[in-house]
Structures are given as C-alpha cells and as structure tokens.
1. Calculate the tail of P(r) for the chain: the fraction of all Cα-Cα distances greater than 22 Å, expressed in %.
2. With θ set to phi - 60°, apply the Karplus curve 6.51 cos²θ - 1.76 cosθ + 1.60 along segment 89-101 and write out the HN-Hα couplings as whole Hz, x wherever there is a Gly or Pro.
3. What list of ³J(HN,Hα) couplings, whole Hz, do you get for segment 37-50 from phi and the Karplus terms 6.51, -1.76, 1.60, once you set θ to phi - 60° and write x for glycine and proline?
4. Could you give the nm distance between label points at D120 and K74, where each point is 7 Å from its Cα heading toward the beta carbon?
5. Under the 0.36 nm per residue contour assumption, what length would be gained going from the current alpha-carbon distance of A22 and D48 to full extension?
6. Once phi is turned into ³J(HN,Hα) by the Karplus curve 6.51 cos²θ - 1.76 cosθ + 1.60 with θ = phi - 60°, what whole-Hz value does each residue of segment 107-117 show in order, with x for glycine and proline?
Amino acid sequence: MNKAKKIIIIDDDERNIFALNAVLKSRGFQCLSATSAKEGLQLLQTQDDIGIALIDIMMPDMDGYEMIAEIRKKPVLKELPLIAVTAQAMLGDKEKCLEMGADNYIAKPINVNVLVNILDKHLKNGSTSE
C-alpha cells in the first residue's frame, strides 16, 4: 500500500469532524482534524503528509476565508489544495471561496460522492483545475 496523503478537516463543530472522518475513513482516506483555524494552521505547518484541506467557512476565531488567505501567504502551503465547506450556501459563495484561493467548494449537507470525486481529483491526479 502506497503512503497516501492525509486529509485535514478543519471545522469548529466536532460532530461535523466526526461524521466526515467516519465517512472518509470508510472510503480508505486517512484524516487529521482541527477544531479551530489556529490549530489547523499549526498542523498544516508541522505535518508534511497532508495532501488536501477541508476548511469550514463559518468558524468563530478566524473564518475560512481568512484562513484560506493565510494559507496562501505561506510559500510551502500555497500549492496545497483547499476545499471550502459551508452550511450557509448562498448565491455567490462558491465564487467568493474560489476568489479567496480555494481550489474547490462544497456545501453542507455534504454529498459524499461529490466530495470523494473532488478528493480523488486533487489527491490522485495532483491537479487543481476543474
């Protein structure tokens, strides 16, 4: 078995992390998690085997938009695929996420098949284009 890159789930709601983690592990993905943007940034800077980040947009300490902007400022992380995840899906949200530097966007409740397709595209192909 080749060493697959891990997925980091950054979400302030532990129930969302638990559910996503369970579903993704059942599909063969390895996951890490963080319950705040600060913790997520720390893990991203110290773990070199993270291949993609799922970032909740609505977090209290630093929202996902700010976090994406911070990640994109760091040279070692600027190529990391970032997937924006939001429950407050409104018209224009996807475009805003992509403008801020996200590589893709998915709304809650998450369609697992859509998410797995996104993950496969970014993790296996190494491609960040649609």
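Here, each number is a calculation from the coordinates, and none is a lab measurement. Keep in mind that what you see is a predicted model, and the values were worked out from it rather than measured. Quick reminder, even Gly has a Cβ in these numbers, built from the backbone with ideal geometry, and neighbours come from all protein chains shown.
1. Values: 2242 of 8385 pairs.
Considering the chain, 27 percent of its Cα-Cα pairs are separated by more than 22 Å.
2. 6, 10, 4, x, 4, 4, 4, 5, 4, 5, 5, 6, x
3. Once rounded to whole Hz, the list reads 4, 4, 5, x, 4, 4, 5, 4, 7, 10, 9, 8, 10, 8.
4. 3.0 nm
5. My answer for the length gained is 7.1 nm.
6. Rounded to whole hertz, the list is 9, 8, x, 6, 7, 4, 5, 5, 4, 4, 4.
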